[in-house]
1. Only bridges whose two residues both fall in the chain count here: according to DSSP, what percent of them are antiparallel, nearest 5?
2. Taking only DSSP H segments of four or more residues, each worth -39500 (n - 2.57), what value at 222 nm results for the chain once the sum is divided by all its residues, to the nearest 500 deg cm²/dmol?
3. Out of region 121-189, which chymotrypsin sites (Phe, Trp or Tyr not before Pro) are coil in DSSP terms and have no more than 16 other C-beta atoms within 10 Å?
4. Would you order T159, T93, T430, T105 from fewest to most other beta-carbon atoms within 10 Å of each residue's own beta-carbon?
5. What does the charge count near L642 come to, summing +1 for each Lys or Arg and -1 for each Asp or Glu among other residues with Cβ under 10 Å from its Cβ?
6. In what order do E512, E381 fall by count of nearby beta-carbon atoms within 10 Å, going from fewest to most?
7. Of the labelled options (1) 125, 58, 48; (2) 101, 61, 46; (3) 112, 65, 52, which one gives Cα extents along the principal axes in Å as computed for this structure?
8. Loop-only trypsin sites (Lys or Arg not before Pro) in region 450-506, please: DSSP not H, G, I, E or B, and at most 15 other Cβ atoms within 10 Å.
Amino acid sequence: MFGVGFVVIAITAVTLSISFAALVYTGPLSVFLGQGINATLLGAAIMALVGSFFLSVRGSICNPQDVTAVLIGAAAAGIATTGNVPVEHLFPTVIGLIVTTGIFTGLVVFLAGAFKLSALVRYAPYPVIAGFLAATGYLLFMGALSIAARETVSISNLTMLFHSVAIIKWVPWVAGAIFLTFIERRQASELTVPTVLSLSVLAFFALLGICGYSLSDAMEMGLLLGPFDNTSFSLPYNSDFFAKIEWAAIASAAPTLIAVSGLTLLGALLNGTGIAMTLGAKFNSEQDMKATGLANVASATVAGLPGYVILGESILARRMGLRGQVPSLASAAGCLAALYFSADILAYMPAGLLVMAVAYLGFDLLATWLWESRNRLSRFEYGIVVLIVAIAATVGFLLALAVGMLAAIAIFIVSYANTEVILSRSTGATRRSRVERSEEESDYLSKVGSELVVLDLTGYLFFGTAHRLSEAVQSELSSERPIKYLILDFRRVPGIDTSATNSLAGMLETSEQAGVKLFFTGMSEDVEKQFALASPHNEGVKKIPNIDAALEIIEGDLLSEEPGGARVESARLMQLIERLEVEYHEDPGALERITLAPGEKLIRLGTISSECYFLLSGTLRAEIEDQSGNRVRVAEFQPCALVGEIAYYAEVPRTAWVIASTDSKVVRVDLKRMERAPTQTLIEFHKAAARSLARRVMRMTRLTSEL
């Protein structure tokens with residue numbers, strides 16, 4: 001199996017490399033096909049050898065690729081057909097294009113790996129990638145027809161095939177490609193493609209014999225790849241060769257260089273990931289980017305075509321028993337052997353074999369990305385795929401990619417603008433600060449809480465989403481139930497643009513006219529800076545570090561408006577505490593008044609819960625430790641608030657420290673001690689505490705439903 005696998009990988013590498021060379025050296029360049037094949041084979045061998053040493057997944061084969069060959073072929077065809085390059089300068093100019101593209105691509109990919117920028121390629125829109133691959137399938141099919149016609153074929157001159165190209169040169173081979181595509185997609189196997197191609201070659205030569213044609217007859221009929229005008233190959237780096245290179249023509253193909261480098265990055269990442277997942281190996285994207293870059297630069301020095309890790313051939317090699325560097329060595333050995341014997345063998349290879357191989361690659365891409373993707377993409381996304389293919393067929397490949405990218409961006413903007421920028425809406429009736437207040441104050445805040453509206457925002461704010469936010473704010477300001485306070489929480493907003501900033505300034509002005517106080521909370525440093533730069537005259541805007549601080553301010557304002565004010569002496573719990581002090585005056589340990597100085601601890605984290613506390617005056621705060629070990633305030637207690645009742649009733653250790661923020665007075669209520677001789681007042685105290693807890697839970701439940 002090892003020997004068979006070695007031979008299969010070698011033949012596959014040779015066949016694909018020659019096919020890709022035929023995509024470039026076609027039409028007016030077909031006279032240079034022999035030299036082009038030799039350059040491609042030598043470059044493929046070098047690429048495979050370099051990749052075998054540096055790729056992270058051993059067994060991966062780095063070879064030229066169809067997508068890059070199509071782009072270079074299109075650029076080469078453009079140079080050859082414009083008429084601006086003299087005939088004697090065509091081959092040096094195309095060689096210069098290939099070398100320049102290979103070196104540029106290699107450097108870009110290598111630097112992407114060195115600076116760990118490879119992940120940026122993953123941001124390419126999926127519909128554009130699908131459209132690109134589908135358009136590549138179309139161009140591969142056109143390339144296959146160009147190989148058969150020995151001149152450039154496009155949709156504009158497609159009818160020429162039926163008039164000036166013998167049917168036998170392309171129809172049977174295209175039909176074979178369709179059959180191969182059908183078989184491969186119905187009964188996928190790593191051996192299907194090489195087996196069908198080999199049988200096709202055998203059938204071709206068998207039919208030649210049956211029909212009584214010799215190899216010379218077949219060559220004269222144009223059924224074989226030869227004859228080649230010049231099959232020798234040497235590195236033509238001399239002053240005469242460089243003098244014939246039309247660098248202006250190469251410069252005009254700059255978009256091709258960019259496209260090839262980007263697609264090499266993307267293809268190397270996708271194929272490398274696929275191979276690693278299939279083989280159960282660890283994939284190092286940075287290492288593979290650098291390896292792919294080095295392989296492309298090395299291959300470019302001999303005018304080899306750009307490429308990257310090839311998925312199918314690498315997986316096939318592993319399943320046929322080839323391990324380590326052997327698959328790459330098999331690929332390199334096959335290409336070098338074909339290069340050495342090219343004058344004697346390659347000229348007699350059926351030209352239709354290349355037509356069939358290239359057409360199969362095209363049909364496979366079209367079936368996957370133009371036909372099957374219609375079930376995976378939305379209507380608009382699939383429209384982008386069809387648009388890219390249509391423009392690539394009628395106008396140009398690179399323009400198709402540009403238009404597809406613009407269409408994808410436009411759809412993204414429209415779709416993102418329709419996403420809900422408001423994550424949740426709540427009111428002061430359920431949304432409270434961390435300040436624990438008396439039962440009477442909590443009831444009053446629930447009563448007037450509708451005067452406060454909180455809008456939690458999410459996502460990036462730009463002109464589309466900012467308009468939706470502006471409409472929502474205007475709806476709140478013109479509501480039948482008037483509000484006095486409006487909070488926009490930016491905690492989940494990573495950034496804003498200038499249009500959004502102007503919209504926020506307009507909201508501020510509108511709210512002031514409506515007599516509503518507008519608060520911006522949770523702005524990140526970047527968002528706040530952008531807002532300040534775009535709206536330097538909005539000094540009056542209330543920007544609060546976090547929503548809790550804003551809620552605390554507004555609650556204070558609302559309570560100050562309570563008729564008669566909040567009187568601590570009238571609180572029901574205060575009255576119960578005073579009655580308990582009278583009833584248990586003979587047991588001084590049951591209730592104890594404690595005075596605390598600022599910073600003094602009342603409750604320690606983790607201690608046993610045997611009592612609760614009632615705050616008479618002053619302010620207390622509850623603190624916990626975050627993951628960094630820093631103390632964080634999680635609650636604040638105002639007079640008439642119960643402290644520590646949750647841990648007591650749950651029978652768990654204390655969950656936080658409670659510390660005095662100001663001079664404070666509390667009553668320690670030892671409930672367990674008093675329960676030895678319970679009174680009716682003690683029962684009422686338990687009920688009042690339970691009612692306070694129940695209301696807090698109900699408020700949190702309503703808030704959860706609102707969020």
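Read the figures in this text as sums done on the coordinates, not as results from a lab. Since we're looking at a predicted model, the values are computed, not measured. Please note: Cβ atoms are built from the backbone with ideal geometry, for glycine as well, and neighbour counts cover all protein chains shown.
1. Close to 65 percent.
2. -19000 deg cm²/dmol
3. Passing sites in region 121-189 do not exist.
4. T159, T430, T93, T105
5. Counting the neighbours of L642, the net charge comes to -3.
6. Ordered by Cβ neighbours within 10 Å, fewest first: E512, E381.
7. (1)
8. Hits after loop and neighbour filter: nothing returned.
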